[in-house]
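Please treat every number below as a calculation from the coordinates, not as lab data. Since we're looking at a predicted model, the values are computed, not measured. Reconstructed Cβ throughout: ideal geometry from the backbone, glycine too, with neighbour counts over all protein chains shown.
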Amino acid sequence: MRLRNLLLVAMVLAAGAVPLTAQKAGSKKPAAAPPAATAQDEIAKAAETLRPQLVEWRRDFHMHPELSNREERTSRVMAERLKAIGLDEVKTGVGKYGIVALLKGTKPGPVVAVRADIDALPIQETIDVPYKSQNPGVKHACGHDAHMTVELGVAQILSKMRDKIPGTIKFIFQPAEEGAPAGEEGGAKLMIKEGALENPKPQAIFGLHTIPALEVGEIGYMSGGAMASADRFFLTIHGKKTHGAMPHMGIDPVLVAAHCVLALQSIPSRRINSLDPVVISVGAVHGGNRYNIIADEVKMEGTLRALNEEVRGRVQQMMRETLAGITSAYGATFELSFDEGSAVTYNDPKLVEETLPTMRRVVGDANLIALRPLMVSEDFSYYGKVIPAFFYFLAVGNKAKGIDANWHTPDFDIDEESLVVGVKVMANVLVDYLEFHQSHP
Ligand SMILES: [Zn+2]
Ligand SMILES: [Zn+2]
């Protein structure tokens, strides 16, 4: 939070201490109309009117949370609403319970996509609110109920503004962002595999995530590597069982494992440029069964995080080399495998640069916050591997109201005022994108 405040101060100073919105409100002469003024005004008015509906939608999703790849009701209700709005195409069953819907503007132009994830988490809700989860042990604790609501609100508003949309908007509602159950496919990867980014192919994609650490009204963003890749690794060290009093007769995998844990930590600190963030965490170590027996093997599990795909690949290779060297020094052997999770969420710098003025116009300069990258991961990253992508953060915190619980906690909540902000920002971002790229193909 210290960084954020510093940035805020820097931005306010740069803007002459007066946010753009305040300048506009305070001046007697009407300000020169920005290029998308008409659309922006229409969106703003419609979003304000939609406020009670947004809250109702969000509460309904919040009260009926469903786990990854089990979003049967969520998907059905969403599809009904999208059809009621009158979108041009509503395709269900993409990547299990995923939905891909199209909104065609009356003017020709490019195709842009927006994605919201729809799954909840196996967490028992503890907050006492009228919209408390009705599904015991399951809760929207990552704010995906808000993501869906914002995207639905955008669809609702823009469906009434087709004359101002030069091109097509593809709405993607994606299941299983939190990870499919063991043995199942799911999430962004499966939706892409099943054609979510084809027919028509969008030329860019946007997405947003709630962030409780920022105050409602703010938008956070990063350019370039924004969220980390997440690879789970499995490591087995093979030794040779013997009596605990005669270790020289065997090969002690516990000692070798200890050296391996230390050596792995030397990769980020000594072999990778310190300006390239890498995390290697060994989260579990299991081996041996009795105090006076040298074990025959030790099994470990951990996570590897990186903010750059090239570094990610290099670290995987260095882990193999390091483990080969350590284990051979003791006459042990090893097996290492990676279960590759989400890729690096990469925000295309050019797309970010051309989108920021829109965000600044909608929320005001002081409310647009540059954030440091996060070492948590997001499967939105897979879309960014196919087309330019921008994933930004919608502030949902409100300290005065006591809303600041972190993601994935039993008392996570959002300030529902953020829904209107989210709709305004995303609707403007999409319309501006289409307008800009229609004239700059
Ligand atoms: Zn989450
Ligand atoms: Zn999430």
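Nearest 20 debye, what's the magnitude of the dipole of the stretch 139-204 about its Cα centre given +1 on Lys and Arg Cβ and -1 on Asp and Glu Cβ? Could the numbers behind the result be given before it?
Numbers: 8 positive and 9 negative charges, 76 e Å.
Value, rounded to 20: 360 debye.
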Just tell me which lysines come within less than 24 Å, Cα to Cα, of residue 299; anything on the same chain fewer than 8 places away is out. 240, 241
In whole Å, what three semi-axes, largest first, describe the equivalent ellipsoid of the chain built from its Cα gyration tensor (square root of 5 times each eigenvalue)? 45, 24, 21
Using the alpha carbons of the stretch 285-441, what is the convex hull volume per residue in cubic angstrom, as a whole number? 175
At R0 = 30 Å, how high is the FRET efficiency between residue 248 and residue 185 if r is their beta carbon distance? Nearest 0.05 is fine. 0.05
From the phi of every residue in the stretch 76-93, what ³J(HN,Hα) in whole Hz does the Karplus formula 6.51 cos²θ - 1.76 cosθ + 1.60 yield, where θ is phi - 60° and glycine or proline is x? 5, 5, 4, 4, 4, 5, 5, 5, 5, 5, x, 5, 6, 7, 10, 9, 9, x
Residues whose modelled amide H sits under 5 Å from the amide H of residue 376, counting only those 5 or more places away in sequence or on another chain, are 228
Let's test this: bin the Cα-Cα distances of the stretch 335-412 at 5 Å from zero up to the farthest pair and state each bin's percent. 3, 11, 16, 19, 18, 16, 10, 4, 2, 1, 0
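Hey, could you get me the Stokes-Einstein D for the stretch 99-211, Kirkwood radius over alpha-carbon pairs, 10 °C and 1.306 mPa s, rounded to whole µm² s⁻¹? Write out the running numbers ahead of the final one.
Numbers: Rh = 15.5 Å.
Result for D is 102 µm²/s.
If you take every residue apart from residue 60 with its C-beta less than 11 Å away from the C-beta of residue 60, what net charge results, scoring Lys and Arg +1 and Asp and Glu -1?
Values: positive: 58, 59, 73, 81; negative: 56, 145.
So the surrounding residues net to +2.
Counting residues in the stretch 308-349 as N, plug N into 2.2 N^0.38 Å and put the Cα Rg over that result.
1.56
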Relative contact order, percent, the chain [alpha-carbon distance under 8 Å, six or more residues apart]: 23
Selection of trypsin sites (Lys or Arg not before Pro), the stretch 107-188, meeting DSSP coil and at most 12 other Cβ within 10 Å: 160
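Mean projection of the alpha-carbon convex hull of the stretch 42-94 over all orientations, in nm²? Present the calculation step by step, with values, prior to reporting the outcome.
Numbers: hull surface 18.5 nm².
Over all viewing directions, the stretch 42-94 projects a mean Cα-hull area of 4.6 nm².
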Taking the alpha-carbon centroid of each part, what is the distance from the stretch 235-275 to the stretch 349-378 in angstrom? 43
Expected vector for the stretch 306-315, Karplus 3J(HN,Hα) from phi with 6.51, -1.76, 1.60 and θ = phi - 60°, integer Hz, x for Gly and Pro, equals 8, 10, 8, 5, 5, 5, 4, x, 5, 5
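Residue 385 to residue 240: FRET efficiency via 1/(1 + (r/R0)^6), r the Cβ-Cβ distance, R0 51 Å, to the nearest 0.05? Write down the numbers at each step before the final one.
Details: r = 44 Å, r/R0 = 0.86.
My answer for the efficiency is 0.70.
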Debye calculation, C-alpha points only, no solvent: report log10 I(q)/I(0) for the stretch 277-327 at q = 0.24 Å⁻¹, in the same order as the q values. -0.98
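Using 0.36 nm per residue of separation minus the Cα-Cα distance, give me the extension gain between residue 299 and residue 276 in nm, one decimal. Kindly include the intermediate steps, with their values, before the conclusion.
Details: separation 23, 0.36 × 23 = 8.28 nm, distance 2.86 nm.
In short, 5.4 nm is gained.
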Nearest-0.05 FRET efficiency for residue 160 and residue 76 at R0 = 30 Å, using Cβ-Cβ distance, is 0.80
Using 25 Å as the Cα-Cα cut-off, could you pick out the over-long pairs in 107/189; 350/399; 160/401; 170/350; 96/139? 107/189; 350/399; 160/401
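Within the P(r) computed for the stretch 55-132, what percentage of the Cα pairs occupies the region above 22 Å? Numbers along the way, then the final one.
Details: 1031 of 3003 pairs.
Percent of Cα pairs beyond 22 Å in the stretch 55-132: 34.
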Least to most buried among 142, 260, by other C-beta atoms within 10 Å and fewest first, runs 142, 260
Using amide H atoms built in the peptide plane, which far-off residues or other-chain residues are under 5 Å from residue 64 H to H? 134
According to a simple spin-label model (label point 7 Å from Cα along Cα-to-Cβ), what is the distance in nm between residue 56 and residue 124? 3.3
Alpha-carbon radius of gyration plus Dmax, which is the widest Cα pair, for the stretch 245-330 in Å: 14.9, 47
